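Asker: First the structure, which I've put down as structure tokens, then a few questions once you've had a look.
The values are calculated or read from the model by the stated rules, or taken from the named source; none is laboratory data. Remember, predicted model here, so these are calculated numbers, not experimental data. Heads up, the Cβs are rebuilt from the backbone with ideal geometry, glycines too, and the neighbour counts pull from every protein chain shown. Areas reflect the complete protein model, heavy atoms only, side chains present, ligands, DNA and RNA absent. Shrake-Rupley method; radii C 1.70, N 1.55, O 1.52, S 1.80 Å.
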Amino acid sequence: MFRITDLKWIREPKQYDIEQNKIKIVTEPNTDLWQKTYYGFQNDTAPVLQMTTKQEYFSFVVKTEFKSKKRFDQCGIVMYLDSENWLKASIEYENEEYQRLGSVVTNQGYSDWATTDIDATIKMMWYRFSRRKSDYCIECSQDGIHFKQMRICHMCKGDGEIQFGIYACSPEQSSFEAVFSNMEITDCKWLEHK
């Protein structure tokens with residue numbers, strides 16, 4: 001069962017509002033999550049709001065709505081274990097024509113980034129984060145009903161107790177409002193492979 005009171009901040013932002021089933025975050029400039037790969041920099045400044053669980057099989061669903069407008073503005077789901085081990089999925093704004101729907105998996109201090117380009121007019125996306133022990137599946141949906149797989153991954157520190165939730169950030173000189181709603185924890189929707 002999802003309880004908003006179970007959520008705890010890592011790097012609490014200056015502006016946010018938490019209601020019963022809606023969370024608004026106003027991002028701050030120069031906030032991001034990335035480790036080393038390709039760019040060489042280490043950014044560990046994004047605000048993260050998440051809960052802790054030992055449950056080995058479950059799915060977490062959230063709807064995101066956003067008014068991103070500058071390059072790399074993003075909001076979505078996250079599993080932040082520590083600065084060198086985490087994953088995230090979001091839409092990153094690129095320009096007036098397209099943005100990048102994608103995910104980043106960071107294991108042992110190195111990030112990767114898998115994306116697909118989508119239209120810049122899309123300002124809402126659902127995500128489903130599913131766990132099967134130390135393996136994870138990220139899916140997305142435009143209607144909250146029909147989900148499409150974005151990624152399956154293994155997390156080196158993803159067994160036992162984990163933390164997961166939501167995040168929003170603006171890596172460049174920008175700020176925007178991200179709204180998270182319809183948060184739900186269910187039985188694992190990522191079925192066993194047979």
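Asker: What does the charge dipole of the stretch 148-194 about its Cα centre add up to, to the nearest 20 debye, if the Cβ of each Lys and Arg holds +1 and the Cβ of each Asp and Glu holds -1?
Answerer: Dipole size: approximately 260 debye.
Asker: Moving on to the next point. Please calculate how many Å² of accessible area the chain carries per residue, with a 1.4 Å probe and no DNA, RNA or ligand atoms counted.
Answerer: Per-residue value: 50 Å².
Asker: R0 = 30 Å: FRET efficiency of Gln142 with His193, Cβ-based, nearest 0.05?
Answerer: 0.70
Asker: At most 14 other Cβ atoms within 10 Å and a DSSP loop assignment: could you name the trypsin sites (Lys or Arg not before Pro) in the stretch 1-80 that fit?
Answerer: For trypsin sites (Lys or Arg not before Pro) across the stretch 1-80 that sit outside H, G, I, E and B with at most 14 neighbouring Cβ atoms in 10 Å, the list reads Arg3, Lys14, Lys36, Lys54, Lys67, Lys69.
Asker: If each residue of separation counts as 0.36 nm, what is the full-extension length gain between Lys123 and Asp32 once their alpha-carbon separation is subtracted?
Answerer: 30.8 nm
Asker: If you place +1 on the Cβ of every Lys and Arg, -1 on the Cβ of every Asp and Glu, and leave all else neutral, what size is the dipole of the stretch 83-128 about its Cα centre, to the nearest 20 Debye?
Answerer: 300
Asker: Looking at Tyr136, Ala168, Val179, which one has the Cα that reaches farthest to the positive end of the dipole of the stretch 126-194 (charges on Cβ: Lys, Arg +1; Asp, Glu -1)?
Answerer: Farthest along the dipole direction, towards plus: Tyr136.
Asker: Per the 1.4 Å probe, what fraction of the accessible area of the chain, in percent, lies on carbon and sulfur atoms?
Answerer: Using a 1.4 Å probe with all protein chains present, the chain comes out at 46 percent carbon and sulfur.
Asker: Let me ask another. What's the longest piece of the chain with no exposed chymotrypsin sites (Phe, Trp or Tyr not before Pro), counting a site as exposed if DSSP puts it in a loop and it has at most 13 other beta carbons within 10 Å?
Answerer: On the way: sites that count: Tyr38, Tyr39, Phe41.
The longest such stretch corresponds to 42-194.
Asker: Given a Förster distance of 25 angstrom, what is the FRET efficiency for Glu97 paired with Ile18, based on the Cβ-Cβ distance and rounded to 0.05?
Answerer: 0.15
Asker: With the contact rule set at Cα under 8 Å and sequence spacing of 6 or more, what percent relative contact order holds for the chain? It would help to have the intermediate numbers written out before the result.
Answerer: On the way: 535 pairs, mean separation 61.7, N = 194.
Over the chain, the number comes to 32 percent.
Asker: Next question, about the same structure. I'd like the FRET efficiency for Lys67 and Cys156, computed as 1/(1 + (r/R0)^6) with the beta carbon distance as r and R0 of 45 Å, rounded to 0.05.
Answerer: E between Lys67 and Cys156, to the nearest 0.05, is 0.80.
Asker: So which GluC sites (Glu not before Pro) in the stretch 80-163 are both in a DSSP loop and have at most 16 other Cβ atoms within 10 Å of their Cβ?
Answerer: Filter output for the stretch 80-163: Glu96, Glu97, Glu161.
Asker: Give the total of Lys-Lys pairs in the stretch 22-78 with Cα-Cα distances below 20 Å; include a pair only if its members are 8 or more places apart or on different chains.
Answerer: Lysine pairs meeting both conditions in the stretch 22-78 amount to 6.
Asker: State, as an integer percentage, the relative contact order of the stretch 66-138 based on alpha-carbon contacts under 8 Å between residues 6 or more apart. Numbers along the way, then the final one.
Answerer: Details: 139 pairs, mean separation 17.7, N = 73.
Result for the stretch 66-138 is 24 percent.
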